[in-house]
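First the structure, in the form of structure tokens, and then the observations on it.
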């Protein structure tokens with residue numbers, strides 16, 4: 001394959017050419033209620049060409065028929081030449097990498113019979129259904145893949161990466177008359193078959209929660225002191241801050257650049273945030289990004305001060321900074337854009353735990369688990385799976401429909417305590433941006449306290 | 001390809017159906033007012049479903065020259081683990097498929113230069129100091145063929161074009177994002193592009209002043225874009241799948257009046273000029289219009305072949321499938337057909353307002369309330385229950401019948417089933433937004449919380 005790509009590179013008349021080819025083997029099993037929805041094996045493959053010429057813009061071609069590769073290189077070049085630019089696009093230097101990076105397959109999923117995978121998921125799905133007769137519906141899914149990615153560019157990079165992934169998810173729907181609640185478990189790992197065994201308890205817990213929520217009141221809308229659990233704190237830092245640290249948001253926009261000036265204070269000295277694509281064994285981990293740049297640990301906020309941002313080669317060149325290995329594409333169907341990998345809030349002082357965070361809160365909310373989050377940059381939302389009221393320093397009743405309305409500047413700055421109990425939360429699903437969803441990412445955080453945050457609901 | 005595949009399946013399985021689709025996209029992207037990239041994408045794939053020994057299985061591939069035998073074997077292996085289902089594949093019919101234009105020459109043949117010219121026009125009209133304007137133009141031509149071993153066949157070509165303008169204005173720490181798009185099967189007219197420009201301009205102009213949000217249970221005008229959070233629970237509950245699973249609050253309520261009597265909602269795959277329109281669904285079922293809600297009463301649920309078989313009813317032609325996975329239920333075009341249910345509405349009689357007019361003519365009697373144009377995090381809560389709770393992305397305060405400015409740091413919450421029981425007013429600003437047509441709706445008693 002590498003030879004075939006090298007041959008096509010040689011024939012390109014463009015100043016810069018890159019080619020990415022992917023071949024993905026995947027299998028999927030899904031249950032809905034007691035019934036199997038599907039059990040299938042799929043193969044997907046295709047290629048992506050991107051070229052650049054002096055004084056011109058990007059020319060891009062993606063395709064499923066690899067026989068068309070030479071023609072697609074020509075067409076990408078024509079497209080690039082049709083885009084005239086006054087100010088040229090420059091790419092920051094990256095030493096051309098040549099490597100075969102084979103991640104640990106951890107029990108190659110291609111060698112496990114589909115019937116085994118069905119049996120595994122049947123067990124997890126059954127565990128949810130067995131919790132209560134109030135569990136009227138479930139959605140359970142198992143999906144695995146092994147993806148081979150070849151990348152070459154005209155500067156001499158030549159990479160082969162083998163990436164496994166396995167995702168388990170379960171939704172339990174509890175119902176009593178018109179009252180309907182859900183519990184959600186989601187596990188996403190850049191690993192294989194060995195890593196998805198023995199999760200019955202976690203599936204049981206979410207089904208029980210769906211039942212418990214049937215009796216829970218809706219949280220009252222107001223501004224409260226809020227404690228985020230590890231999972232929601234991770235989603236919070238991804239939505240609230242991570243997307244703003246993606247340099248494609250600032251690199252062409254002087255006002256945005258001013259707002260995100262390095263050295264600006266974003267939080268109290270307890271706050272340290274980063275993105276680490278090179279962390280070992282996480283779902284957002286990759287040895288190289290989709291421009292062939294090695295990944296790294298990039299500090300974004302250190303002691304409350306903005307110190308870095310995430311780059312592609314283009315955004316790094318424009319801002320005179322160094323590429324960070326954050327140019328990622330969800331598949332050969334898309335160009336690489338600036339994305340997060342494994343984003344984290346670093347742990348606070350060792351030994352500081354959850355109880356230290358709530359002891360002086362008279363009335364507050366403990367927001368747990370994550371149904372999701374979305375950002376509009378300054379403002380963002382993150383939806384907890386469930387919550388508890390905090391009363392007089394103690395965890396009190398269960399509440400539902402806990403959605404936090406955040407404002408970047410107000411919320412980050414009001415993080416006043418961070419516990420030492422850091423965990424990575426390896427969830428399934430993924431991040432969406434620019435029509436590219438779901439991109440595998442991981443978030444990590446300890447328990448985090450926000451002095452005051454707005455929670456929506458009846459007032 | 002379909003015929004070869006179905007021939008190969010005959011004799012080796014009980015029955016089979018398949019979809020083949022080839023898509024070609026051409027896109028141009030302007031970033032910060034500059035044309036930055038042009039791209040094409042070509043993709044073809046085939047999806048096969050079989051019934052073998054009464055059990056269902058599926059297989060798909062994007063391989064350029066798929067081996068029919070291998071694909072059938074993979075689908076058979078999938079069926080080996082599959083459930084028993086009495087799928088009734090539609091047979092060949094003497095009557096032709098409904099006639100609906102899905103292919104527009106002008107769209108299919110538009111040159112790259114033409115797409116660039118359209119984008120440039122929007123950039124020029126919407127550029128202003130302190131604002132960053134991104135525009136994308138994306139054209140698609142798709143060929144679809146569906147068939148089954150019972151002899152049904154369907155084939156059509158379709159075009160689609162999406163023109164998107166999004167404007168970001170950063171002033172100090174205030175980030176304002178205003179967005180709109182044209183989506184159609186045919187190229188936008190000058191008037192369509194003009195409407196897009198006016199829509200972004202109007203939303204921007206009204207947003208320049210930031211005011212304190214109100215608080216309490218208030219009248220809120222949901223624009224066609226803002227309505228998404230209210231409609232999503234209904235879309236989930238009206239799906240035959242959730243009804244079958246027992247998780248739909250509307251199960252067993254067909255014919256009951258649960259909504260305002262002026263509210264009717266249809267799923268209509270035969271709407272001219274829409275990219276989601278089609279003569280036949282992805283399972284060979286001829287397209288037809290389905291009344292989901294009729295004058296406030298729960299109408300029909302939508303089904304694909306499998307859910308219809310399990311619910312012992314007929315498919316409504318809402319089967320949708322991709323290259324991978326099995327067919328599932330999907331809506332086509334969702335249309336709000338508001339009628340005067342004998343109340344004070346009469347909206348249909350009054351002249352329509354241009355869609356860029358914020359509030360659709362519904363704000364004159366609001367003493368204090370909101371216009372909600374965009375909410376953050378829609379779809380991420382416990383949607384099926386009807387409950388919604390979202391921070392505002394773009395919303396305006398209305399005081400004494402006038403828009404006084406944009407509000408930030410506020411959250412709206414309610415339950416779709418409660419707020420749609422009585423609609424306070426129907427806007428005269430009906431428009432398409434993607435695959436949905438609706439006017440603005442004035443809904444009462446929506447909770448607004450603020451910091």
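Here are the numbers for the structure shown:
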quantity	calculated
In nm, spacing of pseudo-spin labels at residue B:88 and residue B:128 (7 Å Cα→C-beta vector)	5.9 nm
Angle between chain B longest axis and helix B:190-207 axis [Cα atoms, degrees, rounded to 10]	50 degrees
Two-decimal ratio, the range B:2-205, of alpha-carbon radius of gyration to 2.2 N^0.38 Å	1.39
Separation of alpha-carbon centers, the range B:98-151 and the range A:117-179, rounded to whole Å	34 Å
Evaluated over the range A:265-336, the Cα radius of gyration and Dmax, each in Å	13.4, 42
Approximate shape of the range B:46-149 as ellipsoid semi-axes (Cα gyration tensor, √5λ), whole Å, largest first	45, 20, 14
Per-residue mean of C-beta atoms belonging to partner chains within 10 Å, peptide B:18-28	1
Two-decimal ratio, the protein assembly as shown, of alpha-carbon radius of gyration to 2.2 N^0.38 Å	0.91
Value of relative contact order over the range A:11-119, rounded to a whole percent, pairs C-alpha under 8 Å and six or more apart	24 percent
Residue B:212/residue B:256 FRET efficiency (R0 45 Å; Cβ-Cβ; nearest 0.05)	0.60
Order of B:437, A:58 under a 10 Å beta carbon neighbour criterion, fewest first	B:437, A:58
Rounded to 10°, Cα long-axis angle of helix A:114-129 versus longest principal axis of chain A	30 degrees
Tail fraction, Cα-Cα pairs, the range B:280-419, threshold 28 Å, whole percent	41 percent
Debye log10 I(q)/I(0) at q = 0.12, 0.15, 0.16, 0.17 Å⁻¹ for the range A:2-213, Cα point scatterers	-0.75, -0.90, -0.95, -1.02
Cα principal axis extents for the range A:167-214, largest first, Å	41, 15, 10
Dimensions (Å) - the range A:222-455, Cα atoms, principal axes, largest first	52, 34, 31
Hull volume in cubic angstrom per residue (convex hull over the Cα atoms of the range B:109-197)	121 Å³
Percent RCO, i.e. relative contact order, over the range B:241-350, from Cα pairs under 8 Å lying at least 6 residues apart	29 percent
Percent of C-alpha pairs per 10 Å bin, the range B:216-450, short to long	8, 32, 35, 19, 6, 0
Alpha carbon centroid spacing (whole Å) that separates the range B:162-189 from the range B:352-422	19 Å
Rounded D (µm²/s) - the range A:175-320, Kirkwood Rh over Cα pairs, Stokes-Einstein at 10 °C, 1.306 mPa s	84 µm²/s
Label-to-label distance, nm, for residues given as residue B:291 and residue B:368 (7 Å Cα→Cβ offset)	4.3 nm
Helix B:112-126 axis, angle to chain B major axis (alpha carbon atoms, nearest 10°)	20 degrees
Cα principal axis extents for the range B:90-238, largest first, Å	64, 47, 24
Relative contact order (percent, whole number), chain B, Cα cutoff 8 Å, 6+ residue spacing	16 percent
Stretch gain in nm, segment residue A:179-residue A:2, where the contour uses 0.36 nm per residue and the Cα spacing is subtracted	58.0 nm
Reciprocal mean inverse distance between Cα atoms of the range A:391-459 - Kirkwood radius, Å	15.1 Å
Semi-axes of the equivalent ellipsoid for the range B:170-210, Cα gyration tensor, largest first, Å	27, 10, 6
Residues A:288, B:156, A:124, sorted so that the one with the fewest Cβ neighbours within 10 Å comes first	B:156, A:288, A:124
Using a Förster distance of 35 Å, the FRET efficiency for residue A:54-residue A:302 (Cβ separation, nearest 0.05)	0.35
Spin-label proximity, residue B:120 to the range A:69-93 - amide N less than 15 Å from point 7 Å beyond Cα toward beta carbon	A:81-87
Pairwise FRET efficiency - residue B:12 versus residue B:205, Cβ, R0 = 45 Å, nearest 0.05	0.10
Percent of beta bridges antiparallel (DSSP, the range B:216-450, rounded to nearest 5)	90 percent
Computed Kirkwood radius, in angstrom, where 1/r is averaged over Cα pairs of the range B:1-84	14.5 Å
Gap separating the Cα centres of the range B:2-72 and the range A:382-459, nearest whole Å	40 Å
At 0.692 mPa s and 37 °C, Stokes D of the range A:109-213 from Kirkwood alpha-carbon radius, µm² per second	213 µm²/s
Inter-label distance, nm, simple model (7 Å from Cα along the C-beta direction), residue B:190/residue B:109	2.1 nm
Per residue convex hull volume, Cα atoms of the range B:177-264, in Å³	188 Å³
Cα-Cα P(r), chain B, percent of pairs per 10 Å interval	4, 19, 26, 26, 17, 7, 1, 0
Cα-based convex hull volume of chain A per residue, rounded to whole Å³	149 Å³
Additional length obtainable on full extension of the chain from residue A:258 to residue A:15, 0.36 nm per residue less Cα span	84.2 nm
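Throughout, read-outs are computed from the coordinates displayed, never taken from laboratory work. These figures come from a predicted structure and were not determined experimentally. Because the Cβ atoms are built from the backbone with ideal geometry, glycine has one as well, and the counts that use them run over all protein chains shown.
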